Amino acid sequence: MNPTTLAALAAFPSQLEAHYAAIPDAFRHWAPPSWEGVPSEAFTAIEQLCHVRDIEVDGYHVRLRRTLEEGRPTLASIDSEALAIARAYGMADAAKVLAEFRIARARTMEIISNLTDVQLARTAVFEGYGPLTMRSLVHYLCSHDQQHLAGLQWLAGKIDASKAAIAA
């Protein structure tokens, strides 16, 4: 597997924690009046953390396992908004979510770090993405990580803009 991608995946838990910590405490549950232009799902800062954790476990762990064990499985997309409601993301404890995510990402790294070329070439079909290989799936996970860092930065921008509007 591409060492740059593996390094990015391994570094992500610390990056996610740092980006979340940059959001002012008073705004961790804040939602802008419009989500237009958000580069990730339309989730508050705390909801972003919960989503990343749950997609890691309920999404990527399952997808990785099925791609390794089954012949060309169809990998389900997850209804993130329904999951956020069902699991009450807005009520979550950030420290607990981040700790759970670190454990989940460590498990992901165990799965993907030593895949053989044959395993990386295994195929599946991912709803919304189409046919892929295990290698593709790992890249999509890395892309998902980056979308959520961008989502937190986007929220930080909206927070700063809202503060400026109030001060004007």
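Taken together, the values in this text are just the output of simple stated rules run on the coordinates, not laboratory data. In this text the structure is predicted, and so the values were computed from the model without any measurement. Ideal geometry is used to build each Cβ from the backbone, glycine not excepted, and the neighbour counts take in all protein chains shown.
On the basis of the beta-carbon distance and an R0 of 22 Å, residue 8 and residue 153 show a calculated FRET efficiency of 0.85.
Sorted by mean Cβ packing within 10 Å, highest first, what order do the peptides 94-104, 147-157, 121-131 take?
Numbers: 94-104: 16.5, 147-157: 18.5, 121-131: 13.3.
Descending packing order for the listed peptides: 147-157, 94-104, 121-131.
In plain terms, if you count all Cα to Cα distances in the chain and split them into 10 Å steps from zero, the share in each step is 10, 37, 33, 15, 4, 1 percent. Hydrophobic long helices, here whole DSSP H runs in the chain with Kyte-Doolittle means of at least -0.5 and Cα atoms spread over 20 Å or more along the helix axis, are found at 3-21, 94-112, 134-167. Of the residues 56, 81, 36, the one that moves most in a GNM of the chain with alpha-carbon contacts below 10 Å is 36.
Mean residue ellipticity at 222 nm from the helices of the chain, using -39,500 (n - 2.57) per DSSP H segment of n ≥ 4 over the full residue count, to the nearest 500 deg cm²/dmol? Show your work: numbers first, answer last.
Details: 7 runs with 101 residues, N = 168.
It lands at -19500 deg cm²/dmol.
Estimated from the Cβ-Cβ distance and a Förster radius of 22 angstrom, the FRET efficiency linking residue 114 and residue 140 is about 0.65. When Rg and the Kirkwood radius Rh are both evaluated on Cα atoms of the range 6-73, their ratio Rg/Rh stands at 1.08. Cα centroid separation, the range 2-37 to the range 92-168: 9 Å.
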